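Step one of this worksheet: look at the structure below.
Values quoted throughout were computed directly from the atomic coordinates according to the rules given, and no laboratory measurement underlies them. Note that the coordinates shown come from a computational prediction; the quantities given were computed from them, not determined experimentally. Here Cβ is always computed from backbone atoms with ideal geometry, including for glycine, and neighbour counts include all displayed protein chains.
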Amino acid sequence: MFRVPVGEDWMALQKEPSFRESVDLMFNRAVAMMDLPPGLEEKIRVCNATYTVRFGVRLRGQIQTFTGYRAVHSEHMEPVKGGIRYAPSVNQDEVEALAALMTYKCALVETPFGGSKGGLCIDPRQYDEHELELITRRFAYELAKRDLIHPSQNVPAPDMGTGEREMAWMADQYARMNTTDINARACVTGKPLNAGGISGRVEATGRGVEYALQEFFRHPEDIAKAGLAGTLDGKRVIVQGLGNVGYHAAKFLQEDDGCLITGIIERDGALFNPEGLNVGAVHDWIVKHGGVTGFPDANHSAEGAAVLEEECDILIPAALEGVINTENAARIRAPLIIEAANGPVTAGADDILRKKGTVIIPDMYANAGGVTVSYFEWVKNLSHIRFGRMQRRQEEARHELIVRELERLSEHLGDAWSMTPDFKSKYLRGAGELELVRSGLDDTMRIAYQSMREVWHDREDVGDLRVAAYLVSIDRVAASYRAKGL
Ligand code: GLU
């Protein structure tokens, strides 16, 4: 397999770098700026192992063969973690690149996992629910048999084409094969709430994108680097892909932050409205009609990709890898790109955009909300208790004491000193699981951003957030290898 040597840039390839090559090139750019002991660079870069499985499932009167993968990139921490995607385009190079990104992502947001990723070559839309269950259970069986699904070894999660339903099947399959494992539920994350999931996991990646942007907009120096000013309020946003991640990111930015979602790009074209689109209404339309075509109150363009190049303040690629490439990068007008998808900007496009001054909030940070809340779910499963169960009422009782005391004092001071009913009800409510998950996610996104920006601002040779993110995470992975005596 071709490898990009350290020191080479994408031009040496004389073609558009693939996703795998892009990850290698970006990694190489960072390690060239580090002082790693000889050999450690290669140890960190290579994917430790990739398991390929071909299995047959009897469907519609005949045996159909499916190909699946689970790549383990780095076991400097265990279990290893990462989603399983269902798509016809899944291949070994792609899962390995995605597994590498998981290693760096987990290190950056300090979730105690190595990186892994899986995939099944399948178009899930071609199968009904029962068939998908048979296929998923069989795939899970093959992985669990080899500890590639295991609470302390390898913990999958949803990715493109999979969700709560598939995770519930996988968890159940593992539990059937390990009937006495008390921690069986921790074998996968992203499960439905009634099967050991956690509140807030479904929207976690989109919520993380929102928190990432909120943190970016807390730093006037960073906003200025993107040539922007002010707050998120009123910013024009174009979203590519209204799947789980894109939909939630766009919805939260519109509802909570006052952003105008001016463009939405989907498989069958794009919608554009400078006044702002109603994300919920577009989402409902897609669910009902299978695409954006025909949606009222917006201009529809059949040439969806062209809308990536429209003027806006923030561009959110939230679907496939490689959508911003050397062909269209020079025409991208957004001054700020946040990579909600994994690998949406190729290494070549990254180079072009950097030279133009575009600020890119990189994937390994921007979409880390998913794995962060997966971490909380895994901890919940291992501790066998819902977050907040012990302290919620106690917290409420203490707040009640203060409120009563304040009420007693305000009786003497007069009505002008009484509490607003809104304050009282908000203050009296103790934090449940969802509030705690949001608080943990927000904290994680703030701290990880600050660790990247510190490197971005402090080191003169670091000109962008992506290389800063790689520097922080490679440094952490290297430190854990050193601690192991490697
Ligand atoms: N598939 C998601 C990702 O790429 C989530 C992984 C996880 O939760 O383990 O980050």
Below 8 Å, C-alpha to C-alpha, sequence gap of six or more: please give me the relative contact order for region 113-182 in percent. 31 percent
Would you list 205, 52, 111, 103 from fewest to most Cβ contacts within 10 Å? 52, 111, 205, 103
What does DSSP give for the chain in terms of the percent of beta bridges that are antiparallel, rounded to the nearest 5? 50 percent
Around residue 216, under 12 Å between beta carbons, what's the net of Lys plus Arg minus Asp minus Glu among the other residues? -1
Counting only C-alpha contacts under 8 Å and six or more residues apart, can you give the relative contact order of region 9-149 as a whole percent? 23 percent
antiparallel share of DSSP beta bridges within region 57-213, to nearest 5, in %, is 50 percent
Computed [θ] at 222 nm, deg cm²/dmol, the chain (DSSP H ≥ 4; -39,500 (n - 2.57); rounded to nearest 500): -14000 deg cm²/dmol
Which lysines have a Cα less than 21 Å from the Cα of residue 81, not counting those fewer than 8 places away in the same chain? 43, 105, 117, 145, 191, 380, 484
Going through region 1-83, which trypsin sites (Lys or Arg not before Pro) have at most 11 other Cβ atoms within 10 Å and a DSSP loop state? 15, 60
What translational diffusion coefficient, in µm²/s and rounded to a whole number, does the Stokes-Einstein relation yield for region 259-372 at 10 °C and a viscosity of 1.306 mPa s, taking the hydrodynamic radius as the Kirkwood radius over Cα pairs? 108 µm²/s
Whole-Hz ³J(HN,Hα) for each residue in region 326-340, computed from phi via Karplus 6.51 cos²θ - 1.76 cosθ + 1.60 with θ = phi - 60°, x for glycine and proline: what do you get? 5, 6, 10, 3, 5, 9, 6, 9, 4, x, 9, 10, 10, 7, 6
Leaving out same-chain residues fewer than 8 places away, which lysines sit with a Cα under 24 Å from that of residue 15? 355, 356
Each residue of region 162-168 in turn: what ³J(HN,Hα) in whole Hz from Karplus with 6.51, -1.76, 1.60 and θ = phi - 60°, glycine and Pro shown as x? 10, x, 3, 4, 5, 5, 5
If you average the alpha carbon positions of region 175-193 and of region 369-397, how far apart do those two centres end up, in angstrom? 17 Å
Taking K and R as +1 and D and E as -1, what net charge do the other residues with C-beta under 15 Å from the C-beta of residue 367 add up to? 0
With Rh as the Kirkwood radius over Cα pairs, region 176-314 has Rg/Rh of 1.09
Among all the lysines, which ones have a C-alpha under 18 Å from residue 424's C-alpha, if same-chain residues fewer than 8 places away are not counted? none
Value of relative contact order over the chain, rounded to a whole percent, pairs C-alpha under 8 Å and six or more apart: 15 percent
At 0.36 nm per residue, minus the direct Cα-Cα distance, what do residue 410 and residue 398 gain on full extension? Give it in nm, one decimal, please. 2.5 nm
